[in-house]
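Structure, as structure tokens:
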Amino acid sequence: MTSTLDRLPEGGRVIIIGGGPGATACALGLHRLAAQLGQRIQITLVEGKQFAGAPNGHQHYNQCVGVLAPPLAEILQDQLDVPFPYHLSRGKIAGYVLHAAGQEICLKDTEKPAVALRRVQYDAYMLETAVQRGIRLLAARAVDLEFHTDCVTVYTESSPLEGDVVVGAFGLDAGSAAMFARATAYRPPQALSSVVTKYHPGPEGMATFGPYIHAFLPAHPHIEFGAITPKGNHLTINIAGRAVDTKLMQTFLNDPVVRACLPSLEHAGTHDANDLRFFKGHFPCSLARGYYGDRYVMVGDAAGLVRAFKGKGVTSAVQTGIRAAQTILQAGISTQAFARHYRPANWDILHDLPYGRVMRLLTILLARYGLFGPVLRAARQDTDVRTALFNAVSAHAPYRQVLIQALRPRPLLAILRALLSD
């Protein structure tokens, strides 16, 4: 296109489709950077979901488990001037208990712990912050869009919008993805399915469960992993795989190892009538195709710019939202601008994707063939194996680092000795 795409014009109009972490981070990043540059811009968030305070209880349910880990607090404060919402905390996560091959190991977090909260409350907090800073929120769903040489038109359930560039921050929403696929070269990332539920075991049950996330690597061919996460007065339970469903969730809940971790599951519904209601979701496991082009760019899950074996999805969304904002204001809104600035800015995520795929395949193979036993036994004796396991489960370190750490001679020998002792 023309050179007018080399920079966002004075008074430029940015339309962001979505209201989650990537959307609000992009909006707040644009607002802050524009003020620093002395540039006047118009920012509109288009979001039809109700995150909190909806009338008649019609509130959006987010399938994200809602564990926010470092360095998210520092990113929000330093790059967006937004305090981390510690007031929304439903408890700190002290570490992880990993269950595999009939064994378990406790992996304590010796650094800054993660914080568990309700994702809808986090999203509402960030949206409210954006509105307070003068960013427009259009409470409607985007239904179509058109690209022209001089603008983008976004049609919504409410009123049409015209902008200079549009940011896709809609997660894996199929309707929004199809809308972009009709008008651009964008193709959504491949995704895994997830099923999420919750259970209120009562105060004594929560105290018995403790502040650890229990992670499971079952041998079941269709369940890649499962987890139980303490969140204030309840436990969030989730499973993931290529095509998990409610039947597989029931299979997971009936597993003796899982039931041993869930206090008095037979009394579900005693403390909350909504116990064990199942919700279906998805999360990306590959990079999207055509995730940027003239006058558009995708962030977070919509771009597939997340850790390949899941973890820190909110942090990745926030980071990519901020990086998209920086590209729009500092480099331009063309395909070339995004290729020169946005893609390299996300090199930390892009570079780690192949290692994440290797880690995912390795994890599946070890779980299917019952080979995690020696790994867990080795981890009890060797600090390198234990650290690698913790970083893999917690997503505290890149997968490249995890693999390098695990494949050093000492941890390999520790695993081999444990294997030979069987």
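No value in this document is a laboratory result; all are computed from the given coordinates. Predicted, not measured: the structure shown is a model, and the values here were computed from it. Note that each Cβ is placed from the backbone with ideal geometry, even for glycine, and that neighbours are counted across all protein chains shown.
Calculated FRET efficiency, Glu74 to Tyr369, Cβ-Cβ distance, R0 = 60 Å: about 0.90 to the nearest 0.05. Rg of the Cα atoms in the stretch 283-422, relative to 2.2 N^0.38 Å, amounts to 1.28. Annotation for Arg400 and Gln36: the two label points, set 7 Å from Cα along the Cα-Cβ direction, are 2.5 nm apart. The angle between the Cα long axis of helix 347-368 and the main principal axis of the chain comes to about 30°, on a 0 to 90 degree scale.
What is the percent of Cα-Cα separations in the chain that go past 36 Å? Value for the chain: 28 percent of Cα pairs lie more than 36 Å apart. Which semi-axes, in whole Å and largest first, does the equivalent ellipsoid of the stretch 192-283 have when worked out from the alpha carbon gyration tensor as the square roots of 5 times its eigenvalues? One finds semi-axes of 21, 13, 12 Å for the stretch 192-283. Output the antiparallel fraction of DSSP beta bridges having both residues in the chain, as a percent to the nearest 5. Roughly 65 percent of the DSSP beta bridges within the chain come out antiparallel. Each label was represented as a point 7 Å from its Cα along the Cα-to-Cβ direction; for Ser158 and Asp6 these points are 3.6 nm apart. In this rough spin-label picture, where each label sits 7 Å from Cα along the Cβ direction, the Gln330-His222 distance is 4.8 nm.
When both the stretch 336-379 and the stretch 207-271 are represented by their alpha-carbon centers, they are found 24 Å apart.
Rg then Dmax, both in Å and based on the Cα atoms of the stretch 369-420: 10.3, 31.
Shown in residue order for the stretch 402-409 are the 3J(HN,Hα) couplings computed by the Karplus curve 6.51 cos²θ - 1.76 cosθ + 1.60 at θ = phi - 60°: 4, 5, 4, 5, 6, 9, 5, x Hz (x for Gly and Pro). Each Cα pair under 8 Å and six or more residues apart adds its sequence gap; the mean of these over the residue count of the stretch 124-271 is a relative contact order of 18 percent.
Between the beta carbons of Asn233 and Ala139, assuming R0 = 35 Å, the FRET efficiency works out to 0.70 to the nearest 0.05. Look at Arg277, Arg136, Arg386 and count the other Cβ atoms within 10 Å of each Cβ; fewest to most, that gives Arg277, Arg136, Arg386. Summing charges over neighbours of Cys106, with a neighbour being any other residue whose Cβ is under 11 Å away from its Cβ, gives +1 when K and R count +1 and D and E count -1. State, as an integer percentage, the relative contact order of the stretch 206-256 based on alpha-carbon contacts under 8 Å between residues 6 or more apart. Relative contact order, the stretch 206-256: 28 percent.
Reducing the stretch 3-25 and the stretch 173-193 to their Cα centroids gives an inter-centroid distance of 19 Å.
Against the chain, whose longest principal axis is taken from its Cα atoms, helix 119-132 shows a tilt of about 20°. Fewest neighbouring Cβ atoms within 10 Å first, the residues Cys261, Cys151 line up as Cys151, Cys261. Run through the stretch 283-372 and list the chymotrypsin sites (Phe, Trp or Tyr not before Pro) located in a DSSP loop whose Cβ has at most 14 other Cβ atoms within 10 Å. Loop-located and lightly packed - Tyr369.
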